[in-house]
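What follows is a single structure, written as structure tokens, with notes after it.
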Amino acid sequence: MAPDISVPADAEQADRDRTDTESQTATDADVVIRGENVIKEYQTGTQTVRALKGIDFGIRPSDFVAIVGPSGSGKSTLLNLLGLLDVPTEGTVRLRGTDVSTFSDSDRTTKRKHTIGFIFQSFYLIPTLTALENVEMPRMLDKTPVKTRERATDLLQRVGLGDRLDHYPDELSGGQKQRVAIARSLINDPAILLADEPTGNLDRDTGDQILALFDELRAEEDVAVVTVTHDSYVADRADRVVNLVDGDVKNDGEPASGEGDHS
Amino acid sequence: MNRLRRLAAQFPTVLLARRNLSRATARSTLAIVAIVIGVVAIGTIGAGGEAFKQDQMKAYQGFGGTATVSPVYYADDSGSFSDGFSDTDINRMRQVTDGATVLPVVERWDGAVRTPAGETIITAQIKGLDDPGTFYETKSGSIPDNWRRSVVIGSRVAENNDIDTGDQLTVVANGSFAGTYQVAAVLEAQGFADQLQADRAVFVPMNQFEDAAYDRVIVSVDSRTGSVEEASESLETEFNARQRNIAVSEVQEQREQFKQLFDTINKFLIGVGSISLLVAAVTIANTMLMSAIEREREIGVMRAVGYPKLAVVSLLVSEAAILGLIGALIGIPFALGIGMGLNQLLVGDPLAFTTAGLQYIGVGAIFGIGTSLLAGVYPAWKAASKQPVEALD
């Protein structure tokens, strides 16, 4: 019985290997994160909810991608996959060519630290730390306090908060908090910034400043920005808009998936 | 960056932990109070118990190397000394113990002691002894050099019946003597461990007893020149060759027994005190659980930005440890203070801490910190194990 199925199995394996090699040589050279036929399912009670129904994506340096869609469409799920906070149920997500499902939990933690910057809608600053310490936080355990402090100070100056270093979060306005959160997301020189409703809690002027800051970061540091947003104003400024509906990408005339857009 | 900040930056976990604790001051304070109570309970019970033991042990100091010898009584009167020891027996004892002091004691249970007012003191025991000054210090009065016509009484006899030196006591020992004697001295309190129960005794000079049959013998050896064990062995060989005629009990032995008994009681009490630390542990665990739940998102953020699970665990455990450390640091002076009070009360010197007493306070402090650490582990592990994606939802 064994010889019967071993041959086709090997052939299939070889086939897949070849495909992988091709896609890597062809497009993966500068793609930071790529997803192929990504399916994500959740178990809620006895029901299985399929949040993502097999989508493809690819993020390159200095991209600005907006993910839009009604709530429950899988936006957050996609963001979690991009942020290595989760792994797909089926399909593959590759970080610089390596399948993330091969990473252990601690590997993913390390990769997150060095590749991904997170900006949360509610900022999630630590209230007991000053603006400067909040920015330093991701690197606090690195035993390079002097370097970290220089970098954090530099980042805060860059987001226009050079005079607020020692202020605690409750002494800062919403926009200032968001800028501290952005500075924090940049402390480890990430390749991708993941922003969940970055302007959701801000007025239009402050939102403009944040978006301008994103443009600046993309231009100067080649940082890719992926944002989930309800705000069409933010989506209008993006290079690409991914419109998610019920876990699928709907192409509304705009190029939706990363694949088609860049090849 | 000033120096303090640079130092703090060297221990970022501790810095973060301390800041977090300052967030819920009232809760942290309550957790610390719980630890303080536990540390003080263990430390004080331990140190106080040691002081009590020290106080009781003082009673044995006069009996450095002594043993008491009593006749063994058999139901059929077959014991060789059922009528007590004679002068000949005493001389034999002197010979075999070679240089030890052999003091015969007469104990009369059939006598009566009456106060100057004529009341009978039923609890008083009449004892004949050559010189009580060999073992006991006097609280008032003094024992005359040539003690022949007065009595010396124990502290309980004096206190309970309001008798003092100079008073006249009527002492009757059936078949031996009856007369009125002046109280020459009152002895210091000896405690219940005293081998002659001196507190309840009325000591009468030996010459008052006509028939010299001794009920008990105290053998005292200068511990610098001989050992009481050797003396006891010689006595047993001499008198117990064919059957057991005498019972020899070394004071040292009694002392050890008492000490063991007391150590057991002390351990039990400390066990009771430890319950308060157990309660403190529950408080700490509860504090940390609540804190972890409140900060779920924040911990999720830390995990998301690259804090390994272990870093989150050590952060939360550090918080618990800081609570324990502060509790212990506050608890130690309290325990020392109460211990000093007990020392003053029982031993008469506030600084009379024994090594063991101080160790108990140390153990209390270490247990306080240890319990906090342990209590912090579960909440920490629980918080750190939560997937950041769940925590951030």
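Points worth noting:
- Verdict on B:I338 being closer than 21 Å to B:I35 by Cβ, more than 14 Å from chain A (Cβ to nearest Cβ), in contact with a Ser or Thr (Cβ under 6 Å, 6 or more places away or on another chain) and surrounded by fewer than 24 Cβ atoms within 10 Å (Cβ to Cβ): yes
- Residue check for B:A311: touching a strand residue (DSSP E or B) at 6+ places or on another chain (Cβ under 9 Å), modelled with pLDDT of 85 or more and facing chain A (nearest Cβ under 9 Å): no
- Residue match in the range A:196-209 (condition: over 26 Å from B:S314 (Cα atoms) and within 14 Å of chain B (Cβ to nearest Cβ)): yes
- When the range B:120-138 is filtered for residues that are exposed (fewer than 14 other Cβ atoms within 10 Å of the Cβ), of a type in the set (S, T, Y) and part of a loop (DSSP other than H, G, I, E, B), only B:T123 remains.
- Residues of the range B:19-33 that are buried (at least 19 other Cβ atoms within 10 Å of the Cβ), under 21 Å from B:V279 (Cβ atoms) and either within 14 Å of chain A (Cβ to nearest Cβ) or of a type in the set (K, R) (or both): B:L21, B:S28.
- In the range A:65-92, residue farthest from A:F103 (Cα to Cα) [restricted to those that are out of contact with any Leu (no Cβ under 9 Å at 6 or more places or on another chain), of a type outside the set (G, A, S) and away from chain B (no Cβ under 14 Å)]: A:V65
- Hey, B:L329 part of a helix (DSSP H, G or I), surrounded by fewer than 18 Cβ atoms within 10 Å (Cβ to Cβ) and not aromatic (F, W, Y) or not: yes
- Test: residue in the range B:284-291 that is within 14 Å of another protein chain (Cβ to nearest Cβ) and buried (at least 16 other Cβ atoms within 10 Å of the Cβ): yes
- Selection within the range B:90-125 - closer than 14 Å to B:V204 by Cβ and small (G, A, S): B:G111, B:A112, B:A124
- Elements of type helices (runs of 4 or more DSSP H) contained in the range A:100-194, each with 1 or more residues being more than 11 Å from every other protein chain (Cβ to nearest Cβ): A:131-136, A:145-158, A:174-186
- The range A:72-85 - residue that is outside any helix (DSSP H, G or I) and in contact with a strand residue (DSSP E or B) (Cβ under 7 Å, 6 or more places away or on another chain) and, of those, farthest from A:V225 (Cα to Cα): A:S73
- Qualifying residue in the range A:153-160 (condition: at pLDDT 90 or above, in contact with a helix residue (DSSP H, G or I) (Cβ under 6 Å, 6 or more places away or on another chain) and crowded, with 21+ Cβ neighbours inside 10 Å): yes
- With respect to being crowded, with 22+ Cβ neighbours inside 10 Å, in contact with a helix residue (DSSP H, G or I) (Cβ under 6 Å, 6 or more places away or on another chain), modelled with pLDDT of 85 or more and assigned by TED's automatic domain parsing to the domain that holds B:A280, B:G154 falls outside the description.
- Subset of the range B:346-356 [closer than 15 Å to B:P333 by Cβ and in contact (Cβ under 8 Å) with a residue 60 or more places away in the chain]: B:F353
- Residue satisfying all of: in the range B:243-266; surrounded by 14 or more Cβ atoms within 10 Å (Cβ to Cβ), of a type in the set (D, E, K, R) and out of contact with any strand residue (DSSP E or B) (no Cβ under 9 Å at 6 or more places or on another chain); modelled with the lowest pLDDT among these: B:R255
- Within the range B:358-371, the set of residues being within 14 Å of B:G49 (Cα to Cα) and surrounded by fewer than 22 Cβ atoms within 10 Å (Cβ to Cβ) comprises B:L358, B:Q359.
The values are calculated or read from the model by the stated rules, or taken from the named source; none is laboratory data. No experiment lies behind these values; they were computed from the predicted model shown. Neighbour counts run over all protein chains shown; Cβ positions are idealised from the backbone, glycine included.
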